[in-house]
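Student: Here you go, one structure.
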Amino acid sequence: MSKTFTQSDVSSHNKADSLWIVVDGDVYDLTKFQDDHPGGKKILQRVAGKDASKQFWKYHNEGILKKYQKQLQIGSLDTKPKAAAPAPAPAAQKQVVKAKPKAAAAAPAEESEALEPFGSQIPFADPAWYQGQHSPYFNETHAALRAEVREWVETNVEPYVTEWDEKKEVPAEIYKQMGQKGWLAGLLGTKYKAEYTDNIVQSVPVEKWDLFHEMLLTDELSRVGSGGFVWNVIGGFGIGCPPLVKFGKKPLVDRILPGILNGDKRICLAITEPDAGSDVANLTCEAKLSEDGKHYIVNGEKKWITNGIWCDYFTVAVRTGKPGMNGVSLLLIERDFGGVTTRRMDCQGVWSSGTTYITFEDVKVPVENLIGKENQGFRVIMTNFNHERIGIIIQCLRFSRVCFEESVKYANKRRTFGKKLIEHPVIRLKLAHMARQIEASYNWLENVIYQCEKMDDTEAMLKLGGPIAGLKAQATVTFEFCAREASQIFGGLSYSRGGQGGKVERLYRDVRAYAIPGGSEEIMLDLSIRQSLRVNKMLGMKL
Ligand code: HEM
């Protein structure tokens, strides 16, 4: 895009048959595009030949330029200041103010200096450690991963995410890229699984990978403001794969895990049934051992299963024994076994996540595909719940930040009653209530992640089950609040789909997809107290 024009070159293209405009010093030829412009052609013709930056930013956000620039930009004005040299690749060292030499080697994390500011610097739109504040949890490897993920998301996802949501599908290539970038191998709530894939994450030495890397990877993916997108790329995988990795027999894991981590094959978790949701112990999908003891024969239904329509593998909770929690097992069912039917469900939100109804009809599953021990699947499911709920928490809190960030940006450009929205105290009050809930919840999340990092799975299941359940409810309530308040700030623009209020409108529809699955708010709040009291009694609580 090296061509330069003078303002008078542009001025001569001021008619419908040759319609140029300038936005931020760049020249766009809209002659052909005007008929397709969703805002109409007349409005474009009125600014033909002129600098239309002010009008453009009034009606659009950054995503529009990113999406159309390649197609419509023909050059720049000669008066446009030359761009600074392109920023160097996001390597770890470039992102950080080095710790003082004396403190460097043996210093505990909390003595290291703050990382370089990153992102928009709108207060509360990103976590405090993005804004030059100190953190005992995040270091230069996290900063490097953050830059890697954000760059990919802004270039390859953000401009298209609305389109994908409307189509209820994300191109398969995007999931494949998640594998090729080595990100799937780091999203399992375990150490990085380098031994199962040649696709290794670029920006972090794998031996340094921790749960904070996993947390921020999920967080950055969620910045696009689409639960459908996030669940498409990590929803089924993030909850369906960990039981296989942690409790699957080695030959099974060796056979199928590489294909999954490379992004070639897809896996999901199938627990919920038409008649058993948060009440897992009552599930009825049955697996009967064959007479020769070599297979389970599975019959039953599963409902609201994320990614099911696209999956090759299903981590399925089945009844192998008596009623209640001690008769439940987990089986890895492969679509190729036959007898598996999947159909897409139409839902209120998370459109591109592929919510699925599944039927299993006389599916013959080799006993080698049992995950964990027979009739002891409940424990595996419970361990997995912590990981699932943490994922939900991270996503909800980032979606809350997206609602907040979008609102701040819009409130700084929209004028009503002679003032910008941000100049109205009632709008600032809404923003303040959003920010205080986001920050309090995020700080609790950081603490929980730190505890998970320090505890083994069993200790975490016991001691953190309660707090994580409480935090899940806290995060979904915060998300619902922020989606509502952002909608009020955007007004009509968040009632129609797409455009400037598009993210807020979509997230508002996604709220229930977070408040109900993975343990409903009501169940979570009750569990947070019940489980914490039970565990602390074991630990010597005195009343
Ligand atoms: C590079 C040039 C432009 C492109 C690629 C473009 C693209 C778009 C797109 C995709 C939309 C749909 C809404 C959205 O997704 O945000 C839209 C809506 C709109 N555009 Fe443009 N546009 C351009 C320039 C302009 C200019 C210069 C004006 C005003 C003079 C304008 C006024 C509008 C209006 C009023 C709407 C409807 C907004 C609404 O529904 O609230 N556009 N434009």
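The values are calculated or read from the model by the stated rules, or taken from the named source; none is laboratory data. Quick caveat, the model's predicted, so the values are computed rather than measured. So basically every Cβ, Gly included, is an ideal-geometry build from the backbone, and we count neighbours across all protein chains shown.
Student: Could you grab me the full set of residues in segment 45-70 that are of a type in the set (Gly, Ala, Ser) and within 7 Å of the ligand (Cβ to nearest atom)?
Tutor: Ala52, the sole residue that qualifies.
Student: From the list Ser520, Ser494, Ser532, Ser528, which residue is within 16 Å of the ligand (Cβ to nearest atom) and polar (S, T, N, Q)?
Tutor: Ser494
Student: Would you be able to say whether some residue in segment 33-44 is acidic (Asp, Glu) and within 12 Å of the ligand (Cβ to nearest atom)?
Tutor: yes
Student: Can you list residue pairs whose Cβ atoms sit under 6 Å apart, with the first residue in segment 367-392 being touching a residue at least 24 places away in the same chain (Cβ under 8 Å) and the second being acidic (Asp, Glu) and part of a helix (DSSP H, G or I)? Count only pairs 6 or more apart in sequence or on different chains.
Tutor: Final answer for the pair search is Thr383/Asp457.
Student: Would you confirm whether any residue within segment 458-475 is under 17 Å from the mean Cα position of the chain (by Cα) and surrounded by fewer than 22 Cβ atoms within 10 Å (Cβ to Cβ)?
Tutor: No, that holds for no residue.
Student: Can Thr31 be described as out of contact with any helix residue (DSSP H, G or I) (no Cβ under 7 Å at 6 or more places or on another chain) and free of Cβ contacts under 8 Å to residues at least 60 places away in the same chain?
Tutor: yes
Student: Now, a different point. Just one of the numbered conditions (1) modelled with pLDDT of 95 or more; (2) over 21 Å from the mean Cα position of the chain (by Cα) is not true of Thr355; which one?
Tutor: The failed condition is (2).
Student: Here is a follow-up. Please count how many residues of segment 273-291 are acidic (Asp, Glu) and in a helix (DSSP H, G or I).
Tutor: Going through segment 273-291 one residue at a time, the tally reaches 0.
Student: Say we look at segment 508-538 and pick out the residues that are among the small types (Gly, Ala, Ser) and at pLDDT 95 or above; which of these is surrounded by the fewest Cβ atoms within 10 Å (Cβ to Cβ)?
Tutor: Ser532
Residues checked against (1) in contact with a helix residue (DSSP H, G or I) (Cβ under 8 Å, 6 or more places away or on another chain); (2) closer than 12 Å to Ala483 by Cα; (3) in contact (Cβ under 8 Å) with a residue 24 or more places away in the chain:
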{"position": "Glu405", "(1), (2), (3)": "no, yes, yes"}
{"position": "Lys409", "(1), (2), (3)": "no, no, yes"}
{"position": "Lys413", "(1), (2), (3)": "yes, no, yes"}
{"position": "Gly418", "(1), (2), (3)": "no, no, no"}
{"position": "Leu421", "(1), (2), (3)": "yes, no, yes"}
{"position": "Val426", "(1), (2), (3)": "no, no, no"}
{"position": "Ala432", "(1), (2), (3)": "no, no, no"}
{"position": "Arg436", "(1), (2), (3)": "no, no, no"}
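Student: Return the total of residues in segment 25-47 being at positive phi and either part of a strand (DSSP E or B) or surrounded by 13 or more Cβ atoms within 10 Å (Cβ to Cβ) (or both). Working first, answer last.
Tutor: Looking only at segment 25-47, we keep the residues that are at positive phi, and these are 25, 40.
Imposing the further condition that a residue be either part of a strand (DSSP E or B) or surrounded by 13 or more Cβ atoms within 10 Å (Cβ to Cβ) (or both) reduces the set to 25.
Number of matching residues: 1.
Student: In this structure, does Ile21 turn out to be of a type outside the set (D, E, K, R), within 9 Å of the ligand (Cβ to nearest atom), at pLDDT 95 or above and not in a loop (DSSP other than H, G, I, E, B)?
Tutor: For Ile21, the condition - of a type outside the set (D, E, K, R), within 9 Å of the ligand (Cβ to nearest atom), at pLDDT 95 or above and not in a loop (DSSP other than H, G, I, E, B) - is met.
Student: In the list Gln73, Gln45, which residue meets the criterion of being in contact (Cβ under 8 Å) with a residue 24 or more places away in the chain, touching an Asp or Glu at 6+ places or on another chain (Cβ under 6 Å) and outside the structural domain of Thr162 (by TED's automatic domain parsing)?
Tutor: Answer to the check: Gln73.
Student: For segment 151-262, which helices (runs of 4 or more DSSP H) that fit wholly inside it have 3 or more residues that are over 20 Å from Val402 (Cβ atoms)?
Tutor: By residue number, 172-180, 211-221, 236-247, 250-261.
Student: Take the conditions in contact with a strand residue (DSSP E or B) (Cβ under 8 Å, 6 or more places away or on another chain) and either within 9 Å of the ligand (Cβ to nearest atom) or of a type in the set (Asp, Glu) (or both) and apply them to Ser76. Does it pass?
Tutor: no
Student: Residues in segment 140-161: is at least one of a type in the set (Phe, Trp, Tyr), touching a Gly at 6+ places or on another chain (Cβ under 9 Å) and at pLDDT 95 or above?
Tutor: Checking segment 140-161: not a single residue is of a type in the set (Phe, Trp, Tyr), touching a Gly at 6+ places or on another chain (Cβ under 9 Å) and at pLDDT 95 or above.
Student: Looking only at residues that are within 22 Å of Ile64 (Cα to Cα) and within 14 Å of the ligand (Cβ to nearest atom) in segment 1-15, which one is surrounded by the most Cβ atoms within 10 Å (Cβ to Cβ)?
Tutor: The extreme case among them is Val10.
Student: On to the next question. Of the conditions (1) over 30 Å from Gln376 (Cβ atoms); (2) in contact with a Phe, Trp or Tyr (Cβ under 9 Å, 6 or more places away or on another chain), Glu163 clears all except one; give me its number.
Tutor: Unmet for Glu163, out of (1) over 30 Å from Gln376 (Cβ atoms); (2) in contact with a Phe, Trp or Tyr (Cβ under 9 Å, 6 or more places away or on another chain): (2).
Student: Give just the number: which of (1) surrounded by fewer than 16 Cβ atoms within 10 Å (Cβ to Cβ); (2) within 16 Å of the ligand (Cβ to nearest atom) does Met541 not satisfy?
Tutor: Here Met541 clears every test but (2).
Student: If Glu505 passes every condition in (1) modelled with pLDDT of 95 or more; (2) under 20 Å from Gly227 (Cα atoms); (3) away from the ligand (no atom under 16 Å from the Cβ) but one, which one does it miss?
Tutor: With respect to (1) modelled with pLDDT of 95 or more; (2) under 20 Å from Gly227 (Cα atoms); (3) away from the ligand (no atom under 16 Å from the Cβ), Glu505 is out only on (3).
Student: Please verify whether segment 417-432 includes one or more residues that are hydrophobic (A, V, I, L, M, F, W, C) and within 19 Å of Gly227 (Cα to Cα).
Tutor: So far as segment 417-432 goes, no, none of its residues is hydrophobic (A, V, I, L, M, F, W, C) and within 19 Å of Gly227 (Cα to Cα).
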